């Protein structure tokens, strides 16, 4: 069974640009969560989707958004990038009782 | 406010020695409790979880953790550490798996 797949793995953007990150969950998993990991703030919850609906949202500005498609694949978008958005963005899918994480997308904002 | 504290930022042990990583939490009810491990450049892997029942839970790779309600703790233990255990360890709590609060992590270094 394939794991959680995140693309791209690495990307570099400049301030003011926007970025879209993709996450393909494990087959059969309908819940997808996103986390931001930085050295200063650690792991912080961004949002969680289930059956194309956002069920939970963390304390991030509106520049951070996401969506989930009917096949459970999810995307997150960050607009008007700031230097502080440089981070490892982790996606996780779950069926019940356990989160399975992808390897992350490392975003560098210059 | 809900929070997780991992008091030890960095721990160094010798291979074969025992290990205990501390985790304390603040939560309104009895939460779901998790320990994850992250190797450099990798995502997080679940070591073990506690939902209810027996307060001593066994996980993968020889790890175990004990839930102590009176101390609001969920410490991770391993009787004999292997060099491959060197990684960063995260404790997490949540009402379920939909929205977890993570601790700041403990980096484990293992000397031969």
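The values are calculated or read from the model by the stated rules, or taken from the named source; none is laboratory data. What you see is a predicted model, and the numbers here were worked out from it, not measured in a lab. For neighbour counting, all protein chains shown are included, and Cβ atoms are generated from backbone atoms with ideal geometry for every residue, glycine included.
Residue check: residue A:80 meets all listed conditions (1) on the phi < 0 side of the Ramachandran plot; (2) over 11 Å from the mean Cα position of the chain (by Cα); (3) at pLDDT 95 or above but one, namely (1).
Run down B:71, B:109, B:6, B:2 and say which single residue is in contact (Cβ under 8 Å) with a residue 40 or more places away in the chain, surrounded by fewer than 18 Cβ atoms within 10 Å (Cβ to Cβ), more than 19 Å from residue A:103 (Cα to Cα) and within 12 Å of chain A (Cβ to nearest Cβ).
B:2
Residue B:25 meets each of the listed conditions (1) away from chain A (no Cβ under 14 Å); (2) touching a residue at least 40 places away in the same chain (Cβ under 8 Å); (3) part of a loop (DSSP other than H, G, I, E, B) apart from (3). The set of residues in region B:41-55 that are within 11 Å of chain A (Cβ to nearest Cβ) and assigned to a loop (DSSP other than H, G, I, E, B) comprises B:41, B:42, B:43, B:51. Among residues that are surrounded by 15 or more Cβ atoms within 10 Å (Cβ to Cβ), under 30 Å from residue A:106 (Cβ atoms) and away from every other protein chain (no Cβ under 11 Å), residue B:33 is included. Could you list, in sequence order, the residues of region A:23-50 that are in contact with a strand residue (DSSP E or B) (Cβ under 7 Å, 6 or more places away or on another chain), over 24 Å from residue B:89 (Cβ atoms) and without any contact (Cβ under 8 Å) to a residue 60 or more places away in the chain? Within region A:23-50, A:24, A:47, A:49, A:50 qualify.
Being crowded, with 17+ Cβ neighbours inside 10 Å and either in contact with a helix residue (DSSP H, G or I) (Cβ under 7 Å, 6 or more places away or on another chain) or closer than 17 Å to residue B:57 by Cα (or both) is the filter here; which residues of region B:75-84 pass it? Step through it out loud before you land on a result.
Within region B:75-84, the first condition is being crowded, with 17+ Cβ neighbours inside 10 Å, and the residues that meet it are B:75-76, B:78, B:81.
Listed by number, the residues that qualify are B:75, B:76, B:78.
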